[in-house]
Amino acid sequence: MRLSRMCLRLASLCAVIASGWSSAASSIDLTGTVKNTVNEPIAGAVTRIEGTGIIDTADQNGNFHLTGEALAHVRRVGQARRAGGLFAGAFDNIHKSGLHVKISSPAGRSIAHQVVKQGERFDRFQLDAMMHGRPSGLYFMEVSGDGAHYTAPVLQFAHRWELQTASQRVLQAGKRSTQSASAGRLVVTAAGYHAKHVTLSTLEGSLGTIVLSELSGETFVPGRDTLDLSSGNRLQQPVEELPGFGDVGVGEGDGIPGVPEQPTVDATEHGVIANDGQDDTDALQSAVDALVGRAGASASNPAVIQLPPGRILLTKEVVIEADHVVIRGAGSTRGDPQSTTVVLRPGADMRYDKIDADGVPDIEAMIFSGNSMGWNWPGRGTFRVQTRDVADNYQDEHADAPVNRKDIYEGSVNFHWTAGHSVDQSTAFPARSGDRVIPLDESVNGSEMEAIEVGSYVWVGAANSEKMYQEQHVPREYWKRLHMKIQIHKVVSVNASAKSITIDTPLEFDIPANSGSDGSTPIGSSKPYPSRVAPLKVVTGVGFEDFVLTMDLEGLPRLDGGTYSYTPHQATGNYGNMAPEYAMHGLVFKWAVDCWVRNVSTYMTGSHPVVTEQARGIQVVHSRFDGSWNKGGGGNGYFRLSRAWNCLVHGCVLRNLRHLTLQWSSSGNVIIGNDMDCEINFHGGWERHNLVENNLIRIPYTHAHSNCTIGCDHIGAAGTGESWYPLYWSTGPKAGKWAGATGPRNILFNNVMQKQTTADGPYEDYAPYYGSDGSSRGVIFLLGWDRQTNAGSHWVHLHNDGAILQDWAGNETIDYSQDPHKGVNARLRYEGASLFLENSLVAMPPE
């Protein structure tokens with residue numbers, strides 16, 4: 001919905017009201033077209049009438065339509081130092097009752113709140129502080145106090161947040177002012193173009209064509225400024241034979257759907273009461289469960305559960321298995337009582353009750369009926385998007401299991417050994433890379449074929465083989481009977497008679513019939529392990545918005561006796577597991593499709609703030625993730641994209657985490673425009689074809705594996721000399737112990753990558769991947785790729801001076817794009833700012 005129309009509907013927000021005073025407003029009805037200097041339309045250009053809050057976005061043909069009412073002039077609260085505008089000076093002479101200042105989204109959701117007391121000032125600097133970290137866009141500031149109440153639009157220009165107050169000249173449409181012959185001013189902006197200001201002689205009619213010139217070398221601030229991610233701004237054709245990324249994110253590139261302003265469910269009506277110190281888990285879970293199977297649920301008709309402002313206490317995991325549900329708070333400003341803060345304090349049935357000698361939750365020791373907590377991988381979280389359906393053959397175990405073991409079996413309907421079907425075993429390779437038709441084995445019966453529905457999702461896994469591991473240079477001791485190369489696809493057709501399915505996107509790897517089809521000796525058994533296709537029950541369209549999420553560790557009981565009393569300061573820069581029995585994540589997406597995280601702030605989660613496991617089309621935007629109590633062995637404290645496909649992360653700030661990982665066959669993901677103090681970590685397991693571009697990645701000296709003072713049991717086993725750089729690439733010899741080598745053609749482009757190599761020293765360019773002199777701008781780095789041609793054609797392991805790289809640690813600064821080294825192709829250049837977006841800016845380091 002266009003913002004101008006939204007503002008017309010939300011008159012109470014868009015009108016500027018001064019108590020006891022009003023003035024007539026003038027009608028605005030303007031049309032026009034925005035084009036560039038070569039007469040091409042600019043889709044997504046933002047047009048606004050300065051001082052009114054009336055705004056529109058140009059369509060695919062560059063056309064815009066501004067319509068609405070000009071706003072009356074605003075009476076200021078208190079006296080400004082200079083006349084002319086609401087923020088020409090500061091609010092002075094504040095009444096003893098003070099001013100209440102609230103920032104709201106266009107939908108009316110509060111995102112920041114401040115009280116200005118008598119004797120204090122409130123000016124544009126305080127506004128900037130309230131808006132710090134917010135993505136660019138339209139907001140509203142409400143000011144109330146001393147009998148006055150009004151709302152004014154807020155927009156960001158030139159990195160400064162400004163109120164857009166009504167101009168007296170705009171009110172005089174069609175009349176000549178004694179001060180000016182103009183009726184107002186039109187401002188036109190678009191990503192990648194210079195802004196243009198057009199003086200208006202009328203507020204009705206056509207403005208014709210407005211031409212914008214392209215920016216030259218202009219930049220944006222990752223983690224703060226917003227790039228245009230809309231489908232119309234995606235590159236239509238991939239660059240130089242590279243993978244395309246046009247369908248990443250929610251809705252295969254369509255973006256996060258519109259979320260209704262009015263909530264479907266008020267969580268307080270289910271018993272969620274903020275600030276009362278009582279456990280709200282069951283109440284919130286009941287609100288979620290009431291929406292399972294909701295009639296009419298769809299991407300265009302999501303249900304919104306509104307959380308109240310204040311502190312909400314949880315002691316157990318809340319599982320969302322209803323489709324098209326949004327969990328929305330009242331704001332995500334940490335420390336703001338008007339925001340929603342969800343606090344996890346795990347109870348006895350949630351915490352892990354077995355810890356191994358390395359100070360890591362021992363998932364294999366947490367068992368029931370011979371089955372382990374490994375089935376629950378990646379572990380428990382505060383919120384979990386996942387089906388809880390139990391496979392028929394595990395119903396009895398689930399019923400008999402104690403409360404702290406039941407989740408072993410929940411979601412077991414999706415386990416490929418339970419629900420999966422073998423591919424055709426009559427030929428060595430039933431399907432090859434690039435194919436979309438997958439033949440299934442003759443043993444699959446008619447009812448099983450009927451259960452695979454068009455539009456549903458399937459998990460496709462290629463059996464590991466001896467030759468596959470040898471290609472990756474993984475030592476034999478780490479070979480496993482499983483599926484490393486996997487992906488989730490949508491079914492577009494089913495041929496029941498031929499026992500085959502057609503998937504929506506081409507396969508990215510060959511599908512052998514089984515682990516011996518390529519001539520290998522089967523791993524671990526004389527019986528070959530088949531490649532499989534498993535129909536999935538996924539959860540779709542779940543969103544998390546506008547709240548703070550944290551874990552409160554203070555006073556929680558320790559497994560070894562006593563209680564915890566650590567501070568966040570002690571956890572900063574500490575890469576150990578400080579409280580391993582409480583290594584719970586923030587948001588878990590498992591067997592999930594088209595879900596999102598927007599304007600969420602996490603602080604000191606138990607482990608990963610966000611983690612995926614078998615997920616597609618997840619979109620995480622404009623959020624902040626800060627700190628974890630556990631960042632040590634066993635894989636804790638990551639922003640973790642595992643078994644993730646076509647996901648999008650943009651405009652986020654990451655602080656005090658261990659890694660941002662792409663791992664375990666993840667592909668087609670885009671990481672763009674984020675501000676990080678942890679590295680991009682290609683963590684192993686044949687992750688491939690991922691794009692990392694225009695991020696700010698600055699690694700402090702203290703970001704090192706050996707920097708540990710609390711919970712450091714794992715350090716001795718892992719080695720103490722490892723220091724992290726802005727990039728990590730998993731070698732077969734090293735990463736084979738947990739996964740396997742990093743896969744083909746992961747792409748770095750136009751990132752700012754710097755490392756602080758000494759304590760309190762300067763941040764230095766991370767050569768060869770970034771040069772502050774501009775020498776690396778436009779260079780496309782293809783990791784794990786040959787360079788026999790400019791574009792390359794196949795995967796190759798990294799080599800150091802002709803020898804297989806054993807370990808990335810200690811070898812981070814080698815230029816693998818130059819002989820005698822191998823493994824990186826840096827021969828391609830692209831003059832555009834982005835390999836993902838048609839219209840974008842380039843990230844640059846802070847001044």
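The values are calculated or read from the model by the stated rules, or taken from the named source; none is laboratory data. Remember, predicted model here, so these are calculated numbers, not experimental data. So basically every Cβ, Gly included, is an ideal-geometry build from the backbone, and we count neighbours across all protein chains shown. Quick note on the areas: whole protein, heavy atoms, side chains included, nothing else; ligands and nucleic acids left out. Shrake-Rupley method; radii C 1.70, N 1.55, O 1.52, S 1.80 Å.
Details
- With R₀ fixed at 41 Å, the C-beta to C-beta distance from Asn811 to Gln236 puts the FRET efficiency at about 0.60.
- Candidate aspartates and glutamates for bridging to Lys822, where Cα separation is under 13 Å - those fewer than 8 sequence places away on the same chain excluded: Asp786, Asp801
- Taking amide H as placed 1.01 Å from N in the peptide plane, the amide H of Gly586 sits under 5 Å from that of Thr382, Ser607, His608, Val610, each at least 5 places away or on another chain.
- For segment 355-447, GluC sites (Glu not before Pro) are listed when DSSP marks them as loop and at most 13 other Cβ atoms sit within 10 Å of their Cβ; the list is Glu364, Glu442.
- Computed from label points 7 Å out along Cα-Cβ, the spacing between Thr209 and Arg334 is 5.1 nm.
- The loop-placed chymotrypsin sites (Phe, Trp or Tyr not before Pro) in segment 374-461, going by DSSP, that have at most 16 neighbouring Cβ atoms within 10 Å of their Cβ come out as Phe415.
- In nm, spacing of pseudo-spin labels at Asn301 and Thr427 (7 Å Cα→C-beta vector): 4.4 nm
- Using a probe of 1.4 angstrom and keeping all protein chains present, the accessible surface of segment 740-847 works out to 41 square angstrom per residue.
- Relative contact order of segment 520-597, pairs being alpha-carbon contacts under 8 Å that are 6 or more residues apart, as %: 43 percent
- Accessible surface, per residue, of segment 590-694 when the full set of protein chains is kept, probe 1.4 Å, Å²: 10 Å²
- Charge sum, other residues only, whose C-beta stays under 12 Å from Gly381's C-beta, Lys/Arg counted +1 and Asp/Glu -1: +2
- Added length on full extension, which subtracts the Cα-Cα distance from 0.36 nm per residue, Asn495 to Glu442: 17.8 nm
- Cut-off under 5 Å, modelled amide H: who pairs with Arg185 long-range: Glu50, Leu200
- Asn275/Val221 FRET efficiency (R0 41 Å; Cβ-Cβ; nearest 0.05): 0.70
- Per-residue ³J(HN,Hα) for segment 808-817, Karplus 6.51 cos²θ - 1.76 cosθ + 1.60, θ = phi - 60°, Hz, x for Gly and Pro: 5, 4, x, 10, 5, 9, 5, 8, 6, 8
- Prolate/oblate/rounded label for segment 388-523 (Cα gyration tensor, a/c 1.5): oblate
- Calculated FRET value between Asp504 and Ala399, using beta carbons and R₀ = 45 Å, to 0.05: 0.75
- Rolling a 1.4 Å probe across all protein chains gives Phe429 an accessible area of roughly 50 Å².
- Near Val342, the amide H atoms lying under 5 Å from its own belong to Ile312, Val548, Leu549, Thr550; only residues 5 or more places off or on other chains count, and H is placed 1.01 Å from N.
- Residue-by-residue Karplus 3J(HN,Hα) for segment 736-743, coefficients 6.51, -1.76, 1.60, Hz, glycine and proline x: x, 5, 10, 7, x, 5, 5, x
- Couplings for segment 185-190, taken from phi via the Karplus curve 6.51 cos²θ - 1.76 cosθ + 1.60 with θ = phi - 60°, read 9, 9, 10, 10, 10, 7 Hz in order; Gly and Pro are left as x.
- When each of the peptides 29-38, 288-297, 675-684, 240-249 is scored by the mean number of other C-beta atoms lying within 10 Å of its residues, the order from highest to lowest reads 675-684, 240-249, 29-38, 288-297.
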